[in-house]
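Beneath this line is the structure, given in structure tokens, with notes to follow.
The values are calculated or read from the model by the stated rules, or taken from the named source; none is laboratory data. Since the structure is predicted, the reported quantities are computational estimates derived from the model, not experimental observations. Glycine also receives a Cβ, built like all others from the backbone with ideal geometry; neighbour counts cover every protein chain displayed. In case anyone asks, the SASA skips ligands and DNA or RNA and just uses the protein heavy atoms, side chains included. Shrake-Rupley method; radii C 1.70, N 1.55, O 1.52, S 1.80 Å.
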Amino acid sequence: MPDFEEIYRLYFADVYKYILALSRNEAVAEEVTQETFFRALSTIGTFRGDCQLRV
């Protein structure tokens, strides 16, 4: 599995754009994206690899 910095680099833009499309608010999109990656980092050790990482 790639390190978390690589995961962040690969998926940040996609997550941000998705949240921005839903919220239509840049500040909300930034906050939700940041929270998403924070939660992902705190639980990355429980990822079993049963599905694609982007899921």
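Restricting the stretch 1-34 to residues that are assigned to a loop (DSSP other than H, G, I, E, B) and modelled with pLDDT of 95 or more, which is surrounded by the fewest Cβ atoms within 10 Å (Cβ to Cβ)? It comes out as ARG24.
Taking the criterion of being open to solvent by 60 Å² or more (accessible area, probe 1.4 Å) and at pLDDT 95 or above, would at least one residue in the stretch 35-42 satisfy it? The answer is yes, given that some residue of the stretch 35-42 is open to solvent by 60 Å² or more (accessible area, probe 1.4 Å) and at pLDDT 95 or above.
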